[in-house]
Every structure is written in C-alpha cells, then in structure tokens.
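Notes for the one structure printed next.
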There are 2 protein chains.
Amino acid sequence: MSEPSAPAYKGPLFEPLPRQTAAHRISSAIEQKILRRALHPGDPLPTETELAEQFAVHRSTVREALRRLESAGLVGREGNSKKLRVTRPGHADTVSRVGRALALDEVTFIELWEAMRAVAPRTAALAAEHGTPADVSALEEIVAGLESARAADAAVTQVVEFFGKLAELSGNRVLMLAMQPVTRLLAPSLRRMIDRVPQGRTRILVAQRCIVEAIRTRKPDEAETWMSRHVQDFRRGYELADIALDTRVGTATLAD
Amino acid sequence: MSEPSAPAYKGPLFEPLPRQTAAHRISSAIEQKILRRALHPGDPLPTETELAEQFAVHRSTVREALRRLESAGLVGREGNSKKLRVTRPGHADTVSRVGRALALDEVTFIELWEAMRAVAPRTAALAAEHGTPADVSALEEIVAGLESARAADAAVTQVVEFFGKLAELSGNRVLMLAMQPVTRLLAPSLRRMIDRVPQGRTRILVAQRCIVEAIRTRKPDEAETWMSRHVQDFRRGYELADIALDTRVGTATLAD
DNA sequence: GACGCCTATATTGTCGGACAATTCGACGAT
DNA sequence: ATCGTCGAATTGTCCGACAATATAGGCGTC
C-alpha cells in the first residue's frame with residue numbers, strides 16, 4: 001500500500017471525551033445501584049445531607065445529581081412528602097417523553113400512520129386473546145362515550161382513550177408504550193379530520209364497535225382485520241379532509 | 001339506598017396537588033420556550049448568572065433547573081464547551097431511555113417478540129420501498145459482518161445493527177424509535193439462543209440475505225414476508241433453546 | 001489579511017454556611 | 001385508637017467565595 005494516509009476510520013477519530021463532574025459521578029453511582037437492582041422501587045434514599053457526607057461533596061452538588069435522577073424518573077416523591085424514593089419511570093412519563101422527542105423531530109403524519117398500521121392490528125388481536133369481560137365493558141363504555149360526545153375535542157379524546165385501553169388489554173407493555181405516543185400525536189390531525197369529514201365519525205364508530213365485538217367473542221383474527229380497516233380508514237379520512245400526508249406534527253399538544 | 005357512603009368516585013378523591021418549587025417553574029419556563037419553538041436547537045442559552053438575574057433567583061436554583069433540562073435532553077453542550085445550547089433529544093438518548101423503562105418494568109421476552117412481530121415486517125417493506133443502492137450495500141456489509149463474526153457476541157451485535165439499519169432505511173423515525181429499544185433488549189436472549197442452537201445462526205443468515213435481496217430488487221411484499229418468517233424463526237429458536245417465553249429481560253445490558 | 005501564541009476575563013463546578021417553611025415523629029389528651 | 005401539639009429533621013432557597021478552564025481579545029509573524 002503506497003497510500004498510508006487512507007484513514008481506516010470513518011468520522012472523527014476521537015469523540016470529545018466527556019468531562020466527568022462530581023455531580024455526574026454521583027448521579028451515575030445512584031443510577032447504577034438502581035439499574036442493578038441494589039435499590040428497589042419504594043426504597044427511600046438517604047437524606048441529602050447524608051448523601052453529601054457519604055460522597056464527601058457539598059449538599060448542592062448532591063442536589064444537582066438528584067435533580068437529574070428525578071428528571072430521569074428514577075427517583076421521585078409520592079404525595080408531597082419530602083423523602084425521595086426510588087421509583088420506576090412511570091408509563092405516562094415515558095410516553096410523554098417519547099412523544100416530545102418525536103414531535104421535536106417533526107415526524108410527519110404518514111410516519112405516525114405507518115406505525116399505527118404496523119402496531120394497532122396486532123394489538124387488537126392480542127386484546128382479543130387476553131381481554132376479560134370486565135375489559136370489554138370498559139371498552140364499550142369508551143365507545144359509548146364517543147357516540148355521545150358532542151364536541152369534536154371530546155370525540156378525539158375518546159378515540160385516543162380507545163386505543164390506549166386496547167393497548168392495555170393486549171397485556172403487552174411494549175405495544176402499549178409504542179401506541180400511546182403515536183395516538184397522542186395523531187390527535188390534532190384527527191381533530192381536523194373530524195371537523196372536515198362529517199361521515200368520519202360514524203365510520204370510526206362502526207369500526208370500533210366491530211373491534212369490540214370481535215374482542216368480546218374472542219376472535220383475534222377478526223379483531224385484527226377490523227383494526228386494519230379502521231387504520232386504513234384513518235388515512236382515507238385524512239385524504240378526504242385534504243390534509244397533506246407529510247404534514248409535520250406540532251408540539252402544540254405537548255403543553256404538559 | 002340505605003348506604004349513603006358509596007363513593008361515586010374511584011380511587012382517591014384528590015390528587016396531591018404538586019408544589020411548584022422555583023427551580024421547577026424555571027425549568028418549565030425554559031422548556032416551554034423550547035417546545036414552542038421560541039428557542040431553536042443550537043441556540044445558546046444565557047449564562048447561569050444572567051438567568052439567575054432574569055428569574056430573580058439564586059444561581060444554585062437556576063443550576064438545578066438546568067440539570068433537569070439537561071437530563072431531559074433539551075439542552076446540552078457540544079464538545080466540552082461551557083456554553084449550554086438548546087438541543088433536541090437525540091435518538092440514542094430516547095432509545096436508551098425507553099429501553100431502560102421497559103427493562104425496569106421487567107417486560108417479558110414474549111412481549112418484546114410480539115412487538116417485533118408487529119413492527120419488523122412493515123419496517124422491512126418500507127425499507128424496500130425507500131432503500132437506495134447505497135443503503136443496500138450498507139446492509140450487505142452488516143450481513144457479511146454477521147457471516148464472518150466468530151464470537152457469539154459479535155454476531156449478536158451485527159444482528160442488532162441489521163435491524164437498526166433496516167429501521168433507518170424505512171425512513172420512518174417512529175418505527176426506528178420503536179424497533180431499536182426492542183432489539184437491544186432482545187440481544188441477551190438472542191445471545192443465549194445462538195449459544196444453544198447452532199443452526200440458529202445460519203437460519204438468521206439465510207433470512208437476512210433474502211430480506212436484503214428483496215430490498216435490493218425493491219419488492220416490499222417479499223421483504224415483508226421474509227421478515228415475518230425471520231421473526232417467527234426467532235421464536236422457534238428460543239423454544240428450541242428451551243428459553244421460557246415469559247423470561248424477564250434484565251437490566252444487565254443497560255450499563256451505559 | 002490569515003495564522004498562531006499569550007493574556008485577561010467570563011463562566012462553570014464546587015464549596016462553606018445560613019435560614020424560613022414543611023414535613024416527620026413522638027407524645028400526650030380525648 | 002384517633003386527634004392535636006410541638007420539637008427535630010429535611011428541604012428549598014439564598015448568600016458569598018474560589019479554583020479551573022473555556023472564550024475572546026490583542027499582538028506579533030508570515
């Protein structure tokens with residue numbers, strides 16, 4: 001090889017090596033203990049002063065570390081107690097974080113829809129396999145709520161809840177975590193669609209009734225098929241409503 | 001009704017109303033500015049001292065707010081600069097957070113697998129629609145890497161990368177975000193499977209070759225079908241390897 | 001002018017200490 | 001046992017300080 005300078009690496013050879021601040025080391029230490037399950041959810045953390053002593057740093061430093069863990073959802077308080085306890089990142093928490101990441105990435109409607117198309121039918125099938133009668137009546141209640149909802153906003157909320165409940169019924173936490181951010185982000189578009197395509201609402205209602213029925217009678221295949229149609233319908237509705245498929249989702253819904 | 005105390009509400013009547021600390025208000029204020037796009041990625045934040053003046057609080061308080069935003073991925077530094085800048089939560093960041101949440105929830109193998117079953121085939125189909133020749137050769141390189149990988153660990157890494165790349169090719173950031181945590185969490189089980197079922201590796205190889213081929217020749221349906229089989233194979237492999245389907249995934253892989 | 005070197009300044013990370021407001025925990029009264 | 005009461009513990013916030021270091025400006029060289 002007469003060309004010794006051809007770089008064998010792609011991209012920058014060295015990443016800037018992150019400087020480890022004391023606060024960072026402390027939060028990492030606690031984080032590791034939690035992830036390694038040396039600390040269980042519910043366990044109380046030592047007080048700030050104790051931690052400061054143990055780590056031999058100032059309390060302010062401990063505080064910064066704790067704020068970081070708190071924001072990561074690894075620790076938190078219940079009620080408005082003072083004691084920080086180990087928690088696991090709640091679903092709601094993770095869901096909203098994922099939603100925010102997607103919204104800031106300005107994902108398009110079609111991306112969300114494709115995700116729905118992939119996930120929702122299987123979710124419905126699983127729900128049909130696992131759903132109990134109690135679950136089914138919860139679903140029916142949501143559908144009834146959709147039927148009687150007068151304001152468009154209320155209707156949209158019901159639809160979002162329908163999918164959320166369905167994911168819950170599937171008994172699959174991964175699918176749950178996948179569906180919820182997507183439905184929440186789809187909500188604003190759905191709202192516009194309902195406004196512009198009057199027949200959309202009844203179509204949604206019919207499809208959801210069929211899905212619930214399939215779940216009630218424990219027919220996974222039927223649930224899956226109906227859900228596929230339901231999702232297809234969504235897209236049709238959007239096209240009818242003249243919403244461009246590459247519309248970017250906004251962050252308007254994320255007013256936590 | 002002779003029982004007047006039957007509560008019309010379910011659960012606790014009042015949630016504990018969250019006390020708003022100054023640090024919390026400050027981080028919320030900045031967060032809103034970012035989410036509402038008044039601050040764009042790359043924009044530098046004022047210095048801590050300036051923020052402290054603007055909010056009329058002490059610098060320590062500002063610091064706690066900043067740590068929170070930093071942990072949320074909304075602000076950060078590039079290189080080891082001192083200036084904090086607005087950033088968007090990187091994919092890697094969000095992926096690892098979701099993975100952690102799922103791992104701490106102790107989701108089972110079957111849940112992960114169901115998610116793969118739902119998402120992967122569609123992802124492959126989309127990859128076949130959008131993949132460029134350059135993309136295809138990147139994929140081929142990964143598959144070649146799998147073929148020549150001698151250590152089981154290396155092989156697993158290649159498989160994870162294959163799925164990651166595939167999601168990237170699909171051009172769908174939602175699917176990308178859905179697939180990556182799942183594949184990463186499946187990795188340890190996959191590793192065990194490969195150890196115990198020698199023929200597993202070649203089956204994986206064959207399936208992935210077919211998938212790549214389908215993408216190269218732009219046949220979404222074929223890609224989808226092959227991916228379905230591929231995912232089914234995974235499950236078969238696990239059963240052959242005598243891994244219980246309700247095995248909980250561990251947090252061992254999450255040593256950041 | 002473009003480039004490198006050097007110095008002054010600004011900024012961050014950490015520290016020490018302080019204090020009001022709350023919560024916690026024990027203790028006694030009902 | 002349940003309910004108030006009271007002191008101690010804990011948190012949220014503030015003040016001020018200082019070393020380390022990134023940034024910006026100035027100066028000389030080509």
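Using only the Cα atoms of segment B:50-97, what are the Rg and Dmax in Å?
Cα-based Rg and Dmax for segment B:50-97 come out at 12.3, 36 Å.
Can you give the average number of partner chain beta-carbon atoms within 10 Å of each beta-carbon in peptide B:21-32, as a whole number?
Values: counts 0, 0, 2, 2, 0, 0, 2, 1, 0, 0, 3, 4.
Mean partner-chain Cβ count within 10 Å for B:21-32: 1.
Within a Cβ distance under 11 Å of A:Val197, other residues only, what is the Lys/Arg minus Asp/Glu net charge? The partial results should precede the final answer.
Numbers: positive: A:Arg192, A:Arg196, A:Arg201, A:Arg203, A:Arg236; negative: A:Asp195, A:Asp233, A:Glu239, A:Asp242.
That sum, taken over residues with Cβ under 11 Å, equals +1.
Quick one: B:Val95, A:Val249, fewest Cβ neighbours within 10 Å first, how do they rank? Could the numbers behind the result be given before it?
Numbers: B:Val95 22, A:Val249 25.
By the 10 Å Cβ count, ascending, the order reads B:Val95, A:Val249.
Students often get this wrong: which residues of segment B:59-102 have the backbone nitrogen under 16 Å from the point 7 angstrom along Cα-to-C-beta of B:Thr47?
B:59-60, B:62-63, B:81-85
Given the options A:Ala223, A:Ala38, A:Ala134, which has the most mean-square fluctuation in a GNM of chain A, springs set between C-alpha atoms less than 10 angstrom apart?
Judging by the Gaussian network model, the answer is A:Ala38.
Taking the Cβ-Cβ separation of A:Lys82 and A:Arg25 as r and a Förster radius of 30 Å, what is the calculated FRET efficiency to the nearest 0.05? The partial results should precede the final answer.
Details: r = 25 Å, r/R0 = 0.83.
For A:Lys82 and A:Arg25, the calculated efficiency is 0.75.
Placing +1 on the Cβ of each Lys and Arg and -1 on the Cβ of each Asp and Glu in segment A:50-154, which of A:Ala154, A:Phe55, A:Asn80 has its Cα farthest towards the positive end of the resulting dipole?
Checked the options; the winner is A:Phe55.
Measuring from centroid to centroid over Cα atoms, what is the spacing of segment A:228-242 and segment A:81-126 in Å?
If we compute the Cα centre of each part, the gap is 22 Å.
With axes computed from alpha carbons, what is the tilt in degrees of helix B:152-170 against the longest principal axis of chain B, rounded to the nearest 10 within 0 to 90?
Approximately 70 degrees, to the nearest 10.
Highest GNM mean-square fluctuation, chain A, Cα pairs closer than 10 Å: which of A:Thr21, A:Thr108, A:Thr202?
A:Thr21
Using only Cα atoms, tell me the angle between helix B:220-240 and the longest principal axis of chain B; keep it within 0 to 90° and round to the nearest 10.
90
I'd like the FRET efficiency for B:Ser148 and B:Arg196, computed as 1/(1 + (r/R0)^6) with the beta carbon distance as r and R0 of 22 Å, rounded to 0.05. Don't jump to the answer; show the numbers that get you there.
Values: r = 22 Å, r/R0 = 0.99.
The formula returns an efficiency of 0.50 here.
Hey, how much of the P(r) for the protein assembly as shown falls beyond 44 Å, as a percent of Cα pairs?
On the way: 25511 of 130816 pairs.
Result: 20 percent of Cα pairs exceed 44 Å.
Straight-line reach only, C-alpha to C-alpha below 16 angstrom: list the aspartates and glutamates that A:Lys165 could link to, leaving out same-chain residues fewer than 8 apart.
Reachable aspartates and glutamates: A:Glu129, A:Asp135, A:Glu140, A:Glu141, A:Glu213, A:Glu224.
So if each residue of separation counts as 0.36 nm, and I subtract the Cα-Cα distance between A:Leu245 and A:Arg229, what length gain in nm does that give? Provide the component values of the computation, followed by the final result.
Details: separation 16, 0.36 × 16 = 5.76 nm, distance 1.81 nm.
Going from the current span to full extension adds 3.9 nm.
Checking the cross-link filter: which lysines have an alpha carbon closer than 25 Å to that of B:Lys33, excluding same-chain neighbours under 8 positions apart?
B:Lys82, B:Lys83
Please give the charge dipole size of segment B:73-183, origin at the Cα centre, charges +1 on K and R Cβ atoms and -1 on D and E Cβ atoms. Round to the nearest 20 debye. Please list the in-between numbers first.
Numbers: 12 positive and 14 negative charges, 149 e Å.
My answer is approximately 720 debye.
Using a simple charge model, +1 on the beta-carbon of Lys and Arg, -1 on the beta-carbon of Asp and Glu, nothing else, what dipole does the protein assembly as shown show about its Cα centre, in debye to the nearest 20?
Working: 72 positive and 66 negative charges, 168 e Å.
Around 800 debye, computed over the protein assembly as shown.
In whole Å, how far is the Cα centre of segment B:185-201 from that of segment B:38-63?
49
Give me the dipole magnitude in Debye, nearest 20, for chain B about the Cα centre, with unit charges on the beta carbon: positive for Lys and Arg, negative for Asp and Glu.
Working: 36 positive and 33 negative charges, 97 e Å.
The dipole magnitude comes to about 460 debye.
Using only Cα atoms, find the angle between the long axis of helix B:198-216 and the longest principal axis of chain B, and express it within 0 to 90 degrees, rounded to the nearest 10.
80
Here, each number is a calculation from the coordinates, and none is a lab measurement. Not measured: the values here are computed from a predicted model. Positions of Cβ are generated from backbone atoms using ideal geometry, with glycine treated the same way; all protein chains shown enter the neighbour counts.
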